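All of the numbers you see were taken from the coordinates with simple rules; none came from a lab. These numbers come from a predicted model, not from an experiment. Cβ atoms come from the backbone with ideal geometry, glycine included; neighbour counts cover every protein chain shown.
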Amino acid sequence: MQSEILGNLKEEFDKDFQIGILSLMYKDLRFLAYASDNLSPKYFSDSDMGWMFNALRTHFKNARSVITKRSLIDRIKIGINDGKIDKSRVKFFQELYNFMREDDLTDAGYIESRVVIFVKKNLMKEAFIKAQASYQKGEYIDIPKIFIEASQRSDIQFKTGQTYPDVEKYDERISRRSVKRRIVPTGILELDSFLRGGGLGEKELGVVLAPTNRGKSMFLKQISEFNMMKGLKGIIFTLEMSEDRYLDRFDMSVASMTSVETQERPDAVKKRLVELMNDQAVGNVHIKEYPTKSVTVGNLRTYTDNLKRTGFFPDFIVVDYADLLKSEQNFSEERHNQSYIYKMLRGWAVDEQLPIWTASQANRASLSKSQVTVADISEDFGKAMIADVIIGLCQNKKEKEQQEMRLFLAKNRDGTSGTEVTISTNFAHGKFYDAL
C-alpha cells in the first residue's frame, strides 16, 4: 500500500531536474543534509543516478562532508569489484560528476523549494499511513502528533543556526535588534519594566506561580485582557474553568462590575461589548475549554492550526494551566510528565514564534510563606529550568484584607530577577493594578 501512495522523483521531475538535485547536493552541504534525510535512491528515474545519490548520501553520513573526486572514484572501483556497477557505466558517472561540479545552479532556490514541496507531500502521505495504523490500534492520541512531526520534519532542516565570530553577519544581527519583537506584557507597568522589551517575548514561556485560590487564572485573564485592549489576538485554553465562567470574568472586568451586577444589569454589559466590538483598536480573545487532563500540547497545537484556517491568527497563547495538561509520553513518575509538558509548550512557542503564558501550582508549604519562589514549584523543579519568566503571586492575610499583592520575579532569563513589585487587586471586578 505504501509504495502505491508515495510519489517518486521520476513522476515529479524530469531527468535534467533530477541531475540538478544531485548538483545541489554536491554544492550545498545544507541541502545535502536535508536530501540525505528525506530522499531515497528509489526515487530517481534510473539506477545510475540512484547510485550517485546513495554515494553522496553515504559519504555525508560517514564523513559529514561533500564527497571528493578521489572518494567517488574509490566508491566506483568498489562497486565494480562487487558487481554492483557495470564497467560500461563508468563514463556516465564521469560525465555526471563533471556536470555536478561545473553546474552554476542559478536555479538553486527553485530546486530547493520544489524538493521541499515534494518531501512535504511524501511525509504527509507517510503520516497518513501511520495515522491509519494508530487508529486501527486505538492509539487516537498519537494521531495529531504524527502529522505535526511530519510537517516539522519537512521544514525545519532549512532553519540553520549562526556561527560566531562572523563579521559579515554582524551587521545583519544588529539590524534585527531594531525589528519590533512580538511582546506580551502583563499590564503591570513596574513589573514589565524588568522584562526584556517590556513583556514576555516571542519564543518564550512565562509561568505564573501561586498556591491554590491565590489568583493564577485571574492574573492570566489580566494578561489576556490587557493585550486584547492593545489590539492583539490571543487564545486561552482553560482546563479548570468553563468557557462561560471565563467570559463572565471578562464581563466583570471590562464593565467594571461585580458578578452580581453583571447579572442584574445585562444591558449595560451588552452596551460595553458593542463599544469594544466597534473599537478597531481592540483585538480579540478566543477561549476554548477542555476537561482536566484530557488533552496534550499536541492537541492544543492542532486546535490552533484549525483556528488559523478560519482566519484567526493569535499573537499569544495562554494555557490555564499547564499542570492540568496530559503528557504525550507516559512516564512512571508524574514529575517527568510535567517536565515533558513544559518542554513541549516552550517548543511550541519557539516553532510558532509566539509568547506563551501559563501557570503552575505551588506546593502546600507556600500557603504560609510570605514569598513564593521557584523552590515552591509543585511536582517537578525542572519546570523552573524550562520557563523563561516565572512570576510568584505573594500575599499574606493583611495584604489580602488591604487588597494588595506582591509579585515576585522569581526568574527572568534575560534580566533582573529576585525583585518584588507591589500591586493593588480588585477581585470583585477581576482586576490587578499598579500600586496606587
Most fluctuating residue given options G382, G109, G206, as computed from a GNM of the chain linking Cα atoms under 10 Å: G109
Neighbour-count ranking [beta-carbon atoms within 10 angstrom, fewest first] of I141, I356, I188: I141, I188, I356
Between 0 and 90°, nearest 10: helix 90-102 axis offset from the chain longest Cα axis: 50 degrees
Residue with peak Gaussian network fluctuation, the chain [Cα springs, cutoff 10 Å], from L29, L393, L345: L29
Dimensions (Å) - region 164-262, Cα atoms, principal axes, largest first: 63, 28, 25
Loop trypsin sites (Lys or Arg not before Pro), region 377-436 (other Cβ atoms within 10 Å of the site Cβ: 11 or fewer; DSSP): none
Angle between the chain longest axis and helix 15-27 axis [Cα atoms, degrees, rounded to 10]: 70 degrees
Chymotrypsin sites (Phe, Trp or Tyr not before Pro) within region 58-130, DSSP loop, no more than 10 other Cβ atoms inside 10 Å: none
Projected area averaged over orientations for region 25-184, convex hull of C-alpha atoms, nm²: 14.9 nm²
Per-residue [θ]222 nm for the chain (sum of -39500 (n - 2.57) over DSSP H runs n ≥ 4, rounded to 500): -15500 deg cm²/dmol
Among beta bridges that DSSP assigns inside the chain, antiparallel share in %, nearest 5: 45 percent
Amide H contacts of K203 (H built 1.01 Å from N, under 5 Å, at least 5 apart or other chain): Q353, L354
Calculated Rg and Dmax of region 2-120 using C-alpha coordinates, Å: 13.8, 39
Rh by Kirkwood over Cα pairs, then Stokes-Einstein D for region 183-434 at 0.890 mPa s and 25 °C, µm²/s: 133 µm²/s
Principal-axis tilt of helix 243-255 within the chain, Cα atoms, nearest 10 degrees: 60 degrees
Whole-Hz couplings from phi, Karplus 6.51/-1.76/1.60, listed for region 330-340; x for Gly and Pro: 9, 7, 6, 9, 4, 4, 6, 4, 5, 4, 5
GNM result for the chain, Cα springs below 10 Å: residue of N337, N299, N62 fluctuating most strongly: N62
20 Å tail of the calculated P(r), region 75-148, as % of Cα pairs: 63 percent
For semi-axes √(5λ) of the Cα gyration tensor in Å, calculated from these coordinates, the label among [x] 54, 23, 21; [y] 33, 27, 20; [z] 28, 26, 24: [x]
